[in-house]
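*Asks:* Take this structure, written in structure tokens, and hold onto it; I'll ask about it next.
The values are calculated or read from the model by the stated rules, or taken from the named source; none is laboratory data. Only a predicted model underlies this, so the values are computations on that prediction, with no experimental measurement involved. Note that each Cβ is placed from the backbone with ideal geometry, even for glycine, and that neighbours are counted across all protein chains shown.
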Ligand code: DQA
């Protein structure tokens, strides 16, 4: 039998990624703003980047505000950090803002498009202030940048 004391546990930092409403439509939805990749391809790119950085990740997409809040609550013990693209909820969900504020786990906000260069209603993010950082306007690279940022942040704070 293997000597358990000699097996080194690989302690990867864990990032939980939440894609919010309508992001399941990527690939069909306004390619100029959101790119041409489907959500599956976006997730493959995210997984590849996470592997390169040595991060363990889980990913969900949901169209429901309550599921985003439940996920932040339930996964807060598993996750060292979250990456969230709250979709249009970014602009008005004080419930998601309060959840982020309440969980005591770092959260980074991501957008595929540049929300500050679009319609006025998109220029407000009610979640940004309670997030550690915001990455936007670079399509799938916004997620890659968020992973790079968190890898450095978590290394520095451990
Ligand atoms: C988005 C920007 C939001 O304004 C929009 O409602 C989305 C996607 C983005 O990733 O650019 O659904 O969050």
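*Asks:* Run residue 57 past the list (1) within 14 Å of the ligand (Cβ to nearest atom); (2) under 22 Å from residue 152 (Cβ atoms) and report the number of the one that doesn't hold.
*Replies:* That leaves (1) as the condition not met.
*Asks:* Taking only the range 119-149 into account, find how many residues are touching a helix residue (DSSP H, G or I) at 6+ places or on another chain (Cβ under 9 Å), part of a loop (DSSP other than H, G, I, E, B) and either more than 24 Å from residue 43 (Cα to Cα) or within 12 Å of the ligand (Cβ to nearest atom) (or both).
*Replies:* Summing the residues that are touching a helix residue (DSSP H, G or I) at 6+ places or on another chain (Cβ under 9 Å), part of a loop (DSSP other than H, G, I, E, B) and either more than 24 Å from residue 43 (Cα to Cα) or within 12 Å of the ligand (Cβ to nearest atom) (or both) in the range 119-149 gives 7.
*Asks:* Moving to a separate point now. Taking residue 96 as the residue in question, decide whether it is away from the ligand (no atom under 16 Å from the Cβ), in contact (Cβ under 8 Å) with a residue 12 or more places away in the chain, in contact with a helix residue (DSSP H, G or I) (Cβ under 6 Å, 6 or more places away or on another chain) and more than 21 Å from residue 153 (Cα to Cα).
*Replies:* Considered against the rule, which asks whether it is away from the ligand (no atom under 16 Å from the Cβ), in contact (Cβ under 8 Å) with a residue 12 or more places away in the chain, in contact with a helix residue (DSSP H, G or I) (Cβ under 6 Å, 6 or more places away or on another chain) and more than 21 Å from residue 153 (Cα to Cα), residue 96 comes out as no.
*Asks:* Quick check on this structure: which one of 73, 91, 111 is within 12 Å of the ligand (Cβ to nearest atom) and under 26 Å from residue 156 (Cα atoms)?
*Replies:* 111
*Asks:* Could you list, in sequence order, all residues of the range 98-118 that are buried (at least 21 other Cβ atoms within 10 Å of the Cβ) and not in a loop (DSSP other than H, G, I, E, B)?
*Replies:* Hits for the range 98-118 are 99, 100, 107, 108, 109, 110, 111, 115.
*Asks:* Is there a residue being more than 13 Å from the ligand (Cβ to nearest atom), surrounded by fewer than 18 Cβ atoms within 10 Å (Cβ to Cβ) and modelled with pLDDT of 95 or more anywhere in the range 4-11?
*Replies:* Scanning the range 4-11, I find no residue that is more than 13 Å from the ligand (Cβ to nearest atom), surrounded by fewer than 18 Cβ atoms within 10 Å (Cβ to Cβ) and modelled with pLDDT of 95 or more, so the answer is no.
*Asks:* Name the residue, out of 43, 22, that is at pLDDT 95 or above and within 11 Å of the ligand (Cβ to nearest atom).
*Replies:* 22
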